[in-house]
1. Given a cut-off of under 8 Å on Cα pairs at least six residues apart, what relative contact order in percent is computed for the range 4-59?
2. Note the full-extension length gain between VAL201 and GLU63 as 0.36 nm times their separation in residues minus their Cα-Cα distance, in nm to one decimal.
3. In percent, how large is the relative contact order of the chain, given Cα pairs closer than 8 Å and 6 or more residues apart?
4. Go ahead and run the numbers for FRET between ASP110 and SER39, Cβ-Cβ distance against an R0 of 41 Å, rounding to 0.05.
5. Select from the range 141-227 those GluC sites (Glu not before Pro) which occupy a DSSP coil region and have at most 10 other Cβ atoms within 10 Å, ordered by residue number.
6. Using 1/(1 + (r/R0)^6) with R0 = 25 angstrom and r between the beta carbons of SER99 and ALA122, what's the FRET efficiency to the nearest 0.05?
7. Enumerate the residues in the range 200-227 having an amide nitrogen under 15 Å from the point lying 7 Å beyond the Cα of ASP135 toward its Cβ.
8. Please list the radius of gyration and Dmax for the chain, considering alpha-carbon atoms only, with Å as the unit.
Amino acid sequence: MGEIVRLQKYISMSGAASRRAAEEMIENGRVKVNGKTISEQGVKVEIGADKVMLDGKELKINEKKYYIMLNKPTGYVTTVKDQFGRPTVIDLIGGEISSQLFPVGRLDYDTEGLLLLTNDGAITHKVTHPKFHTDKTYIAVISGGITMSGLHKLRHGVNIENYKTSPADVEILDASASKTMLKITIHEGRNRQVRKMFEAVGCKVIGLQRVKIGNIELGNLPLGRWRHLTSHEVNYLKNL
Ligand code: URA
């Protein structure tokens, strides 16, 4: 007989989500055990005997952990499976390994750049949970220019949807009459946060690329390609 664990623990052991996020997934009816949707908490499952599915994908407990970085192009959704059938970041990984991986956080459909994927739920938690303050750096292109007051607001925190962002590091990299390129580092990672921050100061983002998570850099990995993280990078993430 396999070990018996609570369903949310099983989900986090599979690497799909943290335990807290797993509880939400259960509550939202996204999890099935042996073909039956489970939406109440507290259900227990047996590892190796019960079949647990999330959004139609079977979750397996695998001792071997994978850590990958992808240079995500625009036009791909950051989920394992898309309800509208759009291409997903998992499609870009391909091969046997792809069935084991989950995206670490999210990049919008129209954002490109550095995305981590793993089956190590502890790493996902550290990179995505605001309490760990893992910096994320983006190159944003906005249409037109930005005022000194706009820059000042971004650097000190702006209100987006009843929430004040923490101060961001912002630097102008290049500017022409029609657009401006900036580097922005934020310490949280709310939904569409960078776009909303620029919107809050009257600027429209027309291109967005993530180039860094903590001190892990995208470097010159070509668009649409992926690689395994080095042991140095994996150790860095484990020690966040
Ligand atoms: N902020 C955004 O607005 N979009 C992303 O994809 C990531 C951060």
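The values are calculated or read from the model by the stated rules, or taken from the named source; none is laboratory data. Everything quoted here is computed from the prediction, not taken from an experiment. Virtual Cβ from ideal backbone geometry, glycine too; neighbours counted across all protein chains shown. All accessible areas refer to the heavy atoms of the entire protein, side chains included, with ligands and DNA or RNA removed. Shrake-Rupley method; radii C 1.70, N 1.55, O 1.52, S 1.80 Å.
1. 37
2. Taking 0.36 nm per residue and subtracting the Cα distance, the gain is 45.0 nm.
3. Relative contact order here is 20 percent.
4. 0.80
5. Here the GluC sites (Glu not before Pro) that fit, given the DSSP loop and packing criteria, are GLU161.
6. 0.80
7. Zone members listed by number: 211-218.
8. Considering the chain through its Cα atoms, Rg and Dmax are 19.3, 68 Å.
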